[in-house]
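Take a look at the structure below.
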Amino acid sequence: MRLLIFEDICGAGYRCDFILPPELPDEFHKLLVIEGAAMMKAVVEDFSQLPLSVSDSPLEIITHWDRRGGIIPFEGKQGIEVVQVDSSRSGQRAWNQSLKTCDTVLFIAPEYQGRAYNMQLEVLQNECSSLNSLPSAIRLRSDKLEFFRHLQEHNIATIPTFSSFEKLSNSQYVVAKQRDGVGSMSVEKMLFKNAERHSHKPGSYQLIWQPFVAGETCSVGCFINSKTGHLTVLPTARQFLSNDGHFKYEGGEIPAANVDQQAVKEMATQVAHSIEGLHGYFGIDFIVGEDQKPIVVELNPRITTSYVGYRAMTSQNLAELFFNDVDEEDIEWQNHVRFEPNGKVFTRPL
């Protein structure tokens, strides 16, 4: 089986000129590149080490790398073909060509401006099988306002979300986000009295507005087998976010202390079962308040940085979960892990 593992930032343009608006600060671009490279390296390594018994046939891995990102990972390693690109244009051409020569695709891409949705359509149009979610599930998650309405319809606790800040007049602090933003793009916490001025800033994107909710910021990684529907919920991770009001991601630790894992599993199960076509790996971000009940913030229908931490918790190859049903109780979690967005991991025995 010829498997394309594609990370959109590293494989389609180092400076993100094709994917993200140029007015974003260089720091944001660099953070996406660093996180993207860490995820790609972890996933490619895990798939390259899967035993033959896991997949239907031996895996031949192809991946892409932008030369502007530095040293090429995996070059010369047996069973891994690296396609080199040097711009977003050449990256897109290489993506199109690889889709014509591969059997299966696993990609990591932002939901911004329908990027992940359109990529999955291209995968299916080329008659490749996919280890990602169906386009309908990706599209639902890509719109934060519609995703809030979906959760609300299914009685899943989440943060109230509005297209207008006026509806949050009872909140002292509010949070503005881009409706289809990725990461901390255009995220800002502010006093309600400053919301109107913020909404008229030149160059502002379409925003959604939420009340600021205090609590422990967490996430949980999950797998859904596309053939059987089996759900595996991994241990809860604590998220470290910047305290400057922009909530920049600074890594995390697993397992999170003082979190009711059963309540998290129930929440994740409820979310997963409410979204038709959610497959493979996905992450749910949530807040745990004083009552210990998880409040959903958003869902990422793709590999997230937390995967770098999860794989360091166990000697088991987690890429197996893309193919086989495995209960979380059957995974031997050996380490407490602290990880950074750049892929650095620090462990100690549990």
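Just to confirm a number: summing +1 for Lys and Arg and -1 for Asp and Glu over residues other than residue 151 whose beta-carbon lies under 13 angstrom from that of residue 151, what do you get?
Details: positive: 141, 144, 149; negative: 143, 146, 153, 285, 298.
Value of the local net charge: -2.
Quick one: compute the contact order of the chain, relative version, from alpha carbon pairs under 8 angstrom and 6+ residues apart, as a percent. Could the numbers behind the result be given before it?
Numbers: 710 pairs, mean separation 59.6, N = 350.
In percent, rounded to a whole number, it is 17.
In degrees from 0 to 90, rounded to the nearest 10, what is the angle of the helix 144-153 Cα long axis to the longest principal axis of the chain?
80 degrees
Using mean Cβ contacts within 10 Å as the protection proxy, how do 305-318, 41-54 order, highest first?
Answer by packing, highest mean first, reads 305-318, 41-54.
Mind checking the full-extension length gain between residue 274 and residue 213? Use 0.36 nm per residue of separation minus the Cα-Cα distance, one decimal, nm. List each step's numbers first, then the result.
Details: separation 61, 0.36 × 61 = 21.96 nm, distance 2.38 nm.
Roughly 19.6 nm would be gained on extension.
Under a no-solvent Debye model with one identical scatterer per Cα of the stretch 165-211, what's log10 I(q)/I(0) at q = 0.19, 0.23 Å⁻¹?
Per q value, in the given order, log10 I(q)/I(0) is -0.52, -0.76.
Considering amide H positions built from the backbone, and no H for Pro or chain starts, which residues 5 or more places from residue 297, or on another chain, come under 5 Å of its amide H?
Amide H neighbours of residue 297: 285, 286, 287.
Decide, for the stretch 213-350, between rounded, prolate and oblate: order the square roots of the alpha carbon gyration tensor eigenvalues as a ≥ b ≥ c, take rounded if a/c falls under 1.5, and otherwise choose prolate if a/b is larger than b/c, else oblate.
On the way: a/c = 1.57, a/b = 1.17, b/c = 1.34.
Taking the square roots of the gyration eigenvalues as a ≥ b ≥ c, the stretch 213-350 is oblate.
Can you say what percent of the DSSP beta bridges in the chain, counting only those with both residues inside, are antiparallel? Round to 5.
Working: 42 of 60 bridges.
So the antiparallel bridges in the chain amount to around 70 percent.
Go through 129-135, 209-215 and give me the packing order, highest mean Cβ count within 10 Å leading. It would help to have the intermediate numbers written out before the result.
Working: 129-135: 20.7, 209-215: 16.9.
The peptides rank, most packed first, as 129-135, 209-215.
Computed FRET efficiency, Cβ-Cβ of residue 191 and residue 263, R0 41 Å: what is it to the nearest 0.05? Each step should come with its number before you reach the end.
Values: r = 32 Å, r/R0 = 0.78.
Computed FRET efficiency for residue 191 and residue 263 comes out at 0.80.
Tell me the relative contact order for the stretch 165-211 as a rounded percent, counting alpha carbon contacts under 8 Å between residues six or more apart.
51 percent
Express in nm, to one decimal, how much length is gained between residue 71 and residue 348 on full extension, taking 0.36 nm for each residue of separation and deducting their alpha carbon distance. If you can, show how the numbers build up before the last one.
Values: separation 277, 0.36 × 277 = 99.72 nm, distance 2.98 nm.
Separation in residues times 0.36 nm, less the Cα-Cα distance, equals 96.7 nm.
Taking loop as defined by DSSP and a crowding limit of 12 other beta carbons within 10 Å, which trypsin sites (Lys or Arg not before Pro) in the stretch 210-280 fit? Don't skip to the answer; put the middle values down first.
On the way: sites: 227, 238, 248, 265; in loops: 227, 248.
Passing both the DSSP loop test and the Cβ count: 227.
Given 293/344; 227/265; 77/344; 41/144, which pairs have Cα atoms separated by over 26 Å? All intermediate terms of the calculation are to be shown ahead of the outcome.
Numbers: 293/344 30 Å; 227/265 21 Å; 77/344 22 Å; 41/144 29 Å.
In this structure, 293/344; 41/144 exceed 26 Å between Cα atoms.
How tilted is helix 88-99 with respect to the longest principal axis of the chain? Cα atoms for both, answer in degrees (0 to 90, nearest 10).
Rounded to the nearest ten degrees, it is 60.
According to a simple spin-label model (label point 7 Å from Cα along Cα-to-Cβ), what is the distance in nm between residue 292 and residue 146?
3.7 nm
If I stretch the segment between residue 155 and residue 200 completely, what's the gain in nm (0.36 nm per residue apart, minus their alpha carbon distance), one decimal?
12.9 nm
Only helical DSSP H runs with n ≥ 4 go in: add -39500 (n - 2.57) per run for the chain, normalise by residue count and round the 222 nm mean residue ellipticity to 500 deg cm²/dmol. Spell out each step's value before the answer.
Details: 9 runs with 94 residues, N = 350.
Calculated mean residue ellipticity at 222 nm is -8000 deg cm²/dmol.
Among rounded, prolate and oblate, which fits the stretch 53-160 when a ≥ b ≥ c are the square roots of the eigenvalues of its C-alpha gyration tensor, a/c under 1.5 means rounded, and a/b larger than b/c means prolate?
Details: a/c = 2.30, a/b = 1.78, b/c = 1.29.
Prolate, since a/c reaches 1.5 and a/b exceeds b/c.
Can you list the residues, at least 5 places off or on another chain, whose amide H is less than 5 Å from the amide H of residue 184, using H built in the peptide plane?
Amide H neighbours of residue 184: 249.
Just want to confirm a number: the relative contact order over the stretch 126-253, from Cα pairs under 8 angstrom separated by 6+ residues, in percent.
Details: 175 pairs, mean separation 26.7, N = 128.
Once normalised by length, the contact order is 21 percent.
Expressed as an acute angle from 0 to 90° and rounded to the nearest 10, what is the orientation of the C-alpha long axis of helix 261-274 relative to the principal long axis of the chain?
80 degrees
Throughout, read-outs are computed from the coordinates displayed, never taken from laboratory work. Values in this document were obtained by computation on a predicted structure and should not be read as measured data. Reconstructed Cβ throughout: ideal geometry from the backbone, glycine too, with neighbour counts over all protein chains shown.
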